[in-house]
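Below: one structure, written as structure tokens.
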Amino acid sequence: MKLYDYILSPSCYKVRLLAALTGTQLTLRPVDFHPGGEHLSPALLALNPAGSIPILEDGELVLTESSAMLVYIAAKAAPEWLGSGDPAESAQIQQWLSFSHRLTASLGGARLVEMLLRPGDLAALQASGVKALRELEAALAVQRMKGDIFLTGSKPTVADIACFPYVALAPDGSIALDPYPSIRLWLRAVRALDGFIEMPGIHRLHELKPEPAKETA
Amino acid sequence: MSDPMIDEWYPVALFSKLDAAGRDTLLMGHPIHVARTGSERVAATEADGRSLPVRIRYGHVWTSLGEPKKELFDIPEADEPGRRLVDVGVVRVRCSPLRAVENFLDIAHFPFVHTDILGAEPHTEVEKYDVEIREKEDEVWATKVKFFQPQAAKSAAGGITTDYMYRVPAPTCSVLYKTCPPRPGEWDVITLFVQPLTEELCDVWPWMALYDDEADMTDLIHFQQMIFLQDRSILENQIPRRLPLDPGMEIPTRADMTSVAYRRWLKRHNYTYGAQLVAQ
Ligand SMILES: [Fe+2]
């Protein structure tokens, strides 16, 4: 499987992360998104007219939506990441996969404005990002009260992977995660998964990391 | 503004990406506009129309709000034939411009922030190295810096002990020289050019001049962006937000001798834009 990839793209990272968690081999083809704008080059537009990355190629199959890529990788390598097959759970997973697009548009949009100086209405993006985070916090708090740590149960699914990166990187768009204790616990649970890999801005859990207060010097 | 930093040169655009429409940006709190006016010409103007001095060098457009007393610092290696010149692209960081440079100078954070790339536990020890303020050049230099690295560069296959030299030729710019795996005896050049937007906000323009004939240009860009983005989250959470220049505030350890020299040099020149002068 070949992934058209950008190291700083949370959507590309979703695919790399699930591949790592399921032991799926990916061939990475780096795309010069910033500063080069290669995703808008004729060659990549021919592959994906929407002009977005990631793009996943597997033989004849070309996927341009990260949620579809997650489902494909899970179905091939580790179906447990698609849930138990219970109708309500399957539907909820779909619900969260759709919800993840709101995170991309809002939190991801704010991050692109703040970090890579892309055009956009920062205040509006941040406001819709906060709204989405509040919904997520409420849902995860309910899960916690039931004794479940992940979005749809006690085990992680593609839904968690789809929502994780943009939430974890919300501070890149100047949106603090301090007001959301259930989200922070959930982020930690994802980072603690066996085979977890990091991306810039999302660090692994360090036992040896100094206390934040000491780090600031 | 009496700060002598006003007479320094600052990067304000990537030359290759600058078009005639140009870029509105900030320099030390002043709105400025930078635009291309010809194939090898650019113009920088203040809001009132005053035109500012410009230079095109090291892939970037440089300007100054004041009257630069010196030419833009020289990086002789940049003109050596055979080097790949890498425009890494801008990244905005909510931190003091001086903090951004100070973090770049500090190798003690490698194992914790750039884990398994520029450093790894348990190899966290920084060996003794030399730091000086070179009077003739008026620059801060750290030399004979050695550090064990699992993947020092895109071109490094496995772990090696990497030699480093750090240089601060201007208050918001640093040049790093490091072991060049494909060409022993030569130094790869990695720079951090910082544009101070305000005292607590900057646009950072990393740039490199490398001997590496193998790697894809995109891989080189992504490697450096990955490294810098790992720093970004740390930089945005530093307290105090400005760089303390009161020596009583911090206890120097061997690992941040370069930082101590950098701060001493800033103080000597009264370079205080982005600095905190009294303990809070
Ligand atoms: Fe760093």
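The values are calculated or read from the model by the stated rules, or taken from the named source; none is laboratory data. This structure is a prediction, so every number in the text was calculated from the model and none was measured. Note: ideal-geometry Cβ built from the backbone for every residue, glycine included; neighbour counts use all protein chains shown. With ligands, DNA and RNA removed, areas are computed over all heavy atoms of the protein, side chains included. Shrake-Rupley method; radii C 1.70, N 1.55, O 1.52, S 1.80 Å.
Find the Cα radius of gyration of segment B:79-276, compare it with 2.2 N^0.38 Å by division, and give the number to two decimals. Please list the in-between numbers first.
Values: Rg = 16.1 Å, N = 198, 2.2 N^0.38 = 16.4 Å.
Against the empirical 2.2 N^0.38 Å value, I get 0.98 for segment B:79-276.
Go ahead and set up a Gaussian network model of chain B, Cα springs under 10 Å, then flag whichever of B:Ile239, B:Ile133, B:Ile160 fluctuates most. Highest fluctuation among the options: B:Ile239. PRE reach from B:Thr198 (point 7 Å along Cα→Cβ): which of segment B:260-278 fall under 17 Å by backbone N? What the label zone holds, given the 17 Å backbone N cut-off, is B:273-276.
How much area per residue is accessible in the protein assembly as shown when the probe is 1.4 Å and only protein heavy atoms are counted (Å²)?
Values: 21020 Å² over 497 residues.
Accessible area per residue: 42 Å².
Sparse packing (at most 12 other Cβ atoms within 10 Å of the Cβ) combined with a DSSP loop state is found for none of the chymotrypsin sites (Phe, Trp or Tyr not before Pro) in segment A:53-117. Reducing segment A:57-77 and segment B:76-141 to their Cα centroids gives an inter-centroid distance of 39 Å.
Evaluated at q = 0.13, 0.16, 0.21 Å⁻¹, a Debye calculation over the C-alpha positions of segment B:1-72 (equal weights, vacuum) places log10 I(q)/I(0) at -0.33, -0.49, -0.85. Among the listed pairs B:Lys17/B:Lys154; A:Lys14/B:Lys178; A:Lys2/B:Lys146; A:Lys14/A:Lys155; B:Lys128/B:Lys267; B:Lys69/B:Lys267, those with a Cα-Cα distance over 27 Å are A:Lys14/B:Lys178; A:Lys2/B:Lys146.
Counted residue by residue at 0.36 nm each, then reduced by the alpha carbon distance between them, the extension gain from A:Ala20 to A:Leu117 reaches 31.9 nm. I'd like the FRET efficiency for B:Glu125 and A:Arg204, computed as 1/(1 + (r/R0)^6) with the beta carbon distance as r and R0 of 22 Å, rounded to 0.05. Once the sixth-power term is evaluated, E becomes 0.55. Our Cα-only numbers for segment A:80-217 put the radius of gyration and Dmax at 15.6, 53 Å. Each label point was placed 7 Å from the Cα along the Cα-to-Cβ direction; for B:Thr161 and B:Glu186 their separation is 2.4 nm. Spatially, segment A:157-181 and segment A:83-133 are offset by 9 Å when compared through their Cα centroids.
Ranking B:Pro244, B:Leu229, B:Val12 by Cα position along the charge dipole of chain B, where only Lys, Arg, Asp and Glu carry charges on their C-beta atoms, puts B:Pro244 farthest toward the positive end. Shape summary of segment A:122-180, radius of gyration then Dmax from alpha carbon positions: 12.2, 36 Å. For chain B, the membrane-span-like helices by this rule, meaning whole DSSP H stretches whose C-alpha atoms cover at least 24 Å of axis and whose Kyte-Doolittle mean is -1.0 or above, are B:217-235; this says nothing about an actual membrane.
Using the Cα atoms as the points, what is the convex hull volume per residue of segment A:2-80 in Å³?
Numbers: hull volume 6.4 nm³, N = 79.
In segment A:2-80, the Cα convex hull volume per residue is 82 Å³.
Taking other residues whose beta carbon is less than 13 angstrom from the beta carbon of B:Leu197, and scoring Lys, Arg as +1 and Asp, Glu as -1, yields -2.
Ignoring ligands, DNA and RNA, please state the percent of accessible area on chain A from carbon and sulfur, probe 1.4 Å.
Working: 5430 of 9570 Å².
Carbon-and-sulfur percentage of accessible area, whole number: 57.
What's the extension gain from B:Lys146 to B:Glu214 if we count 0.36 nm per residue and subtract their Cα-Cα distance?
On the way: separation 68, 0.36 × 68 = 24.48 nm, distance 2.53 nm.
That works out to 22.0 nm of additional length.
Once divided by 2.2 N^0.38 Å, the Cα radius of gyration of the protein assembly as shown becomes 1.00. Both chains summed, the buried accessible area for A and B stands near 2500 Å², from protein heavy atoms and a 1.4 Å probe. What are the GluC sites (Glu not before Pro) within segment B:145-245 that DSSP puts in a loop, where the Cβ has at most 12 other Cβ atoms within 10 Å? Sites meeting the loop and neighbour criteria: B:Glu214.
The simple spin-label model puts a point 7 Å past each Cα toward its Cβ; for B:Lys17 and B:Glu139 those points are separated by 2.6 nm.
With a Förster radius of 35 Å applied to the beta-carbon distance between B:Glu80 and A:Leu45, the computed FRET efficiency rounds to 0.40.
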